[in-house]
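Chemist: Structure below; questions to follow.
No lab work stands behind these numbers, since they all come straight from the coordinates. Just so it is clear, the model here is predicted, and its values are computed rather than measured. Using ideal geometry, Cβ is built from the backbone for each residue, glycine included, and neighbour counts are taken over all protein chains shown.
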Amino acid sequence: MQILTWNVQWCCGLDGLVDPARIVRHALAMGTGTGGIDVLCLQEVAVGHGGLAGAPGDQVAQLQALLPGWQLFFGATTDGVDASGQRRRFGNVVASRLPVAEVAQHRLPWLAEAGVVSMPRGCLVVTVRDPALGLVRVMCTHLEYHSASQRMAQVQALRAIHAEALAQLQALPGAAAAATPYTTPVHTPHAVLCGDFNMHAGEPAYAALVAAQTDGSALWHDSWPLLHGSAPQPPTFCLFDRTWGPTPVACDFALVSGSLCSHLQGWHSDSATQLSDHQPVLLTLA
């Protein structure tokens, strides 16, 4: 199973060109083996934001047209209408060529901080059916950039979402009739949490994300150190554009649940592409 995560900056390359088609082509070309990419997790997808550089249109519709046969889900973290009546949305996309069993959208904490630039954040969860692994919850997120306290609160929320799912697995809800809102959702211990976390591995929020629980077990395991030990992760931000920082940094991660640690097979980032201000990361599960 191959999952690619990429902050695509509304499909705007460092050349200023907004082109969802070349994003999709490049992402799919990163797939290895006969199966190729199974799930795409994209952050910073825009709909109706004509004021952004390159004036992106309805990128959800564009991406769906570029991925025939795939199921595509959009989790708008901002959704508003301006004075002229124009609706503007911005958020995360998960697209899957695997069968989808369930979809959930979680709003992450948005703390009140006077004078701090920020935006609502969320986590889009799409549970897919992989032929080998079975049910896998794929969680796509993008955390706050300007506020360390908000990132910490959002990290704690992500931990809580996964902990709640594991608790449900251990204490399944009562059975309900089919085709009603009470129909029991699917449950699985397998989960992948990926996206742009807007923090590096040395920050307190990162330590909190991978911290052990009271029983000594970790909720989340960062796939890079599991595969490569203490070697530094390749940077995924500010490689070519230093607008947001003086040096390259690794802030795009792919984490897995404990149940998937033994299935990790590969981690790859494209450090050459300039189709966004972030680099894509590809995770392979055996």
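Chemist: Among 241, 82, 130, 215, what is the fewest-to-most ranking by other Cβ atoms within 10 Å?
Modeler: In increasing order of surrounding Cβ atoms, one gets 215, 82, 241, 130.
Chemist: Right, something else. Could I have the simple spin-label model distance between residue 163 and residue 230, label points 7 Å from Cα toward Cβ, reported in nm to one decimal?
Modeler: 3.0
Chemist: Apply 1/(1 + (r/R0)^6) to the Cβ-Cβ distance of residue 61 and residue 172, taking R0 = 41 Å, and write down the FRET efficiency to the nearest 0.05.
Modeler: Numbers: r = 38 Å, r/R0 = 0.92.
Rounded to the nearest 0.05, the efficiency is 0.60.
Chemist: Next question. Given only helices, namely DSSP H runs of n ≥ 4 each adding -39500 (n - 2.57), what is the per-residue ellipticity at 222 nm of the chain, to the nearest 500 deg cm²/dmol?
Modeler: -5500 deg cm²/dmol
Chemist: For each of 203, 144, 102, count neighbouring Cβ atoms within 10 Å of the residue's Cβ, then give the residues from fewest to most. Walk me through the intermediate numbers first.
Modeler: Numbers: 203 17, 144 27, 102 14.
Arranged by neighbour count, lowest to highest, 203, 144, 102 become 102, 203, 144.
Chemist: What is the distance, in nm, between label points placed 7 Å from the Cα along the Cα-to-Cβ direction at residue 263 and at residue 82?
Modeler: Spacing of the two 7 Å Cα→Cβ label points: 4.4 nm.
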